[in-house]
Amino acid sequence: MNVHTAEEKKTTKYFEVMSIQRLTPVGKLGAWLFILSPIFDGFFYWWLINELAEASDYSRNLWGPSLCMIVSTMTFLGGLVMVIVGREQRSVFQEFDHDPGNWWRY
């Protein structure tokens with residue numbers, strides 16, 4: 001049952017929106033940093049644990065793995081921001097006429 005009158009059909013406009021979202025080079029770099037940083041962070045954590053397990057207190061090198069873990073964590077957060085910022089979205093709007101009762105067919 002069609003509830004729209006002929007006048008409403010003439011004045012009603014229907015739009016179709018098609019959108020595509022892609023990563024820019026900055027977004028792609030951010031995705032790689034976001035994925036690889038936790039892997040490197042795990043390696044640096046393993047390095048820190050091995051340094052802490054040393055028997056001699058004087059031969060420990062805690063600055064290297066600690067600074068590497070901090071840098072890796074910062075690149076993880078920076079990569080997340082780069083993924084969010086490094087996107088572009090393009091949309092195409094089309095106007096078309098059809099019967100509003102059959103909207104699911106389009």
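Computed from the coordinates by the stated procedures, all read-outs in this text should not be read as laboratory data. Computed from a prediction, not measured in an experiment: that's the story for all the values here. Virtual Cβ from ideal backbone geometry, glycine too; neighbours counted across all protein chains shown.
Above 18 angstrom, tally the Cα pairs of the stretch 23-105 and express them as a % of all pairs, no decimals.
When all Cα pairs of the stretch 23-105 are counted, 62 percent exceed 18 Å.
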Using R₀ = 25 Å, calculate the FRET efficiency as 1/(1 + (r/R₀)^6) where r is the Cβ-Cβ separation of residue 17 and residue 87; round to 0.05.
0.90
